Amino acid sequence: MNGGESNTMGYITDVEGIKVGHAQSLVGMTGCTVIICEEGATGGVDVRGSAPGTRETDLLKSENLVERIHSVVLAGGSAFGLASSNGVMKYLEENGIGLDVGVTKVPIVVSAVIFDLWLGDSKIRPDEKMGYEAAKAATEFNTDRGVVGAGTGASVGKALGPSFAMKSGLGSASIKVGDLVVAALVVVNALGDIYNDGIQIAGPYKDGKLLSTLELMKEGYSSGFANTNTTIGVITTNAILTKAEANKVSQVAHDGMARAINPVHTMMDGDTVFTMATGKVKGDVNLVSQLAAEVFQKAIYDIEFEHSRHL
């Protein structure tokens with residue numbers, strides 16, 4: 001789970017024009033991840049969980065004015081972590097990146113957060129300074145994954161509480177079909193369990209074995225983690241998409257989440273997927289959408305879920 005290691009699954013920065021930066025506190029066990037497209041990208045979003053923590057998602061509705069976004073920020077810290085977007089806006093404005101409104105350029109920054117306050121020092125949260133640091137660190141060569149950025153405090157399998165949860169993190173993957181590239185970056189902080197080809201690989205971990213969250217729910221267990229779970233991520237692509245099509249890509253990307261996580265989209269999750277389309281090559285929205293689901297699933301499997309370090 002060390003940052004910077006190469007991975008054959010690829011990385012979200014495989015889409016030209018996309019930069020990624022991270023900042024984190026290992027004392028607070030929290031952090032933020034910034035995905036930047038300096039030229040602006042057609043944005044989309046789909047929120048499926050019922051406990052989301054987000055910023056500017058209404059902006060991405062197809063009928064609303066602004067078409068292009070400059071950054072997506074993923075952060076820990078619950079709602080406090082949304083403040084990290086202010087630092088990203090500050091950095092982008094200083095560097096002349098944003099929507100030109102005459103008197104200045106206004107960066108269009110959207111964001112989503114996970115709840116990780118219980119893991120480290122709850123008084124340390126992603127703030128404006130951390131967001132600025134992550135934006136300043138952003139590069140097209142970034143391949144960091146694991147316990148880094150917004151994935152620093154992520155965990156899964158919390159149906160029995162923190163003592164039996166497992167450590168999660170941040171994963172990424174990409175797919176190329178001809179000139180078309182579709183990539184994903186995901187932070188998994190789900191209530192549910194992780195399955196790969198029908199085999200459970202993460203979840204509540206007790207007495208040396210994995211338990212099924214769904215079966216625990218059937219038996220009447222009620223998690224003490226209400227509103228404290230979320231899987232959040234970003235799809236990037238070089239495809240030419242309209243805003244409505246970018247929203248559709250985000251919608252279908254949730255299928256990849258559902259293939260890997262069960263239960264998913266619960267009342268206690270804030271599952272949110274953004275899309276950033278740089279508009280460089282022609283790509284059928286149906287193909288892009290299906291690749292988005294596939295690559296989102298692969299990005300989840302890019303994470304090393306640790307049995308030996310359950311929380």
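General observations
- Legend: Rg and Dmax of the stretch 222-293, from Cα coordinates, 14.0, 48 Å.
- Size of electric dipole in the stretch 51-187: Cβ of Lys, Arg +1 and of Asp, Glu -1, about Cα centre, debye, nearest 20: 420
- Euclidean distance of C-alpha centroids, the stretch 4-82 and the stretch 260-311, integer Å: 13
- Fully extended contour minus Cα-Cα distance, from S50 to T139, at 0.36 nm per residue: 28.7 nm
- Backbone HN-Hα couplings from phi across the stretch 47-63 [Karplus 6.51/-1.76/1.60, Hz, Gly and Pro as x]: 10, 10, x, 9, 10, x, x, 9, 9, 6, 5, 4, 4, 8, 4, 4, 7
- Three-way shape label, the stretch 114-177, alpha-carbon gyration tensor, a/c 1.5: oblate
- The stretch 36-177, Cα convex hull volume normalised per residue, Å³: 144
- Additional length obtainable on full extension of the chain from N64 to D179, 0.36 nm per residue less Cα span: 38.4 nm
- Local charge for T278 was computed over the other residues whose Cβ lies under 11 Å away, with Lys and Arg +1 and Asp and Glu -1, and equals -1.
- Descending principal axes extents, the stretch 1-117, alpha-carbon based, whole Å: 43, 33, 27
- Carbon/sulfur fraction of accessible area - the chain, other protein chains in place, 1.4 Å, %: 49
- The alpha-carbon of K209 sits under 30 angstrom from the alpha-carbons of these lysines, leaving out residues fewer than 8 places away in its chain: K158, K167, K218, K298.
- On the principal axes of its alpha carbon atoms, the stretch 192-311 extends 52, 25, 22 Å, with the longest extent given first.
- In percent, rounded to a whole number, the relative contact order of the chain is 25, using alpha-carbon pairs under 8 Å and six or more apart.
- Taking the Cα atoms of the stretch 169-248, the ratio Rg/Rh between the radius of gyration and the Kirkwood radius comes to 1.11.
- Summed residue charge, Cβ within 11 Å of D269's Cβ, Lys/Arg positive, Asp/Glu negative: +1
- Axis angle, to the nearest 10 degrees, between helix 84-94 and the longest C-alpha principal axis of the chain: 20 degrees.
- What you get for the chain, charging only the Cβ of Lys and Arg (+1) and of Asp and Glu (-1), is a dipole of about 340 debye around the Cα centre.
- Diffusion coefficient of the chain by Stokes-Einstein, Kirkwood radius over Cα pairs, 37 °C, 0.692 mPa s: 176 µm²/s.
- For a straight C-alpha distance cut-off of 17 angstrom, the lysines reachable from K61 (same-chain residues fewer than eight places away being disregarded) are K243, K248.
- Net charge in the neighbourhood of A190 (other residues with Cβ under 9 Å of its Cβ; Lys, Arg +1, Asp, Glu -1) is -2.
The values are calculated or read from the model by the stated rules, or taken from the named source; none is laboratory data. Predicted model, so just to flag it, every value in this text is computed and none were measured. Quick reminder, even Gly has a Cβ in these numbers, built from the backbone with ideal geometry, and neighbours come from all protein chains shown. Accessible surface areas use protein heavy atoms only, side chains included; no ligands, DNA or RNA. Shrake-Rupley method; radii C 1.70, N 1.55, O 1.52, S 1.80 Å.
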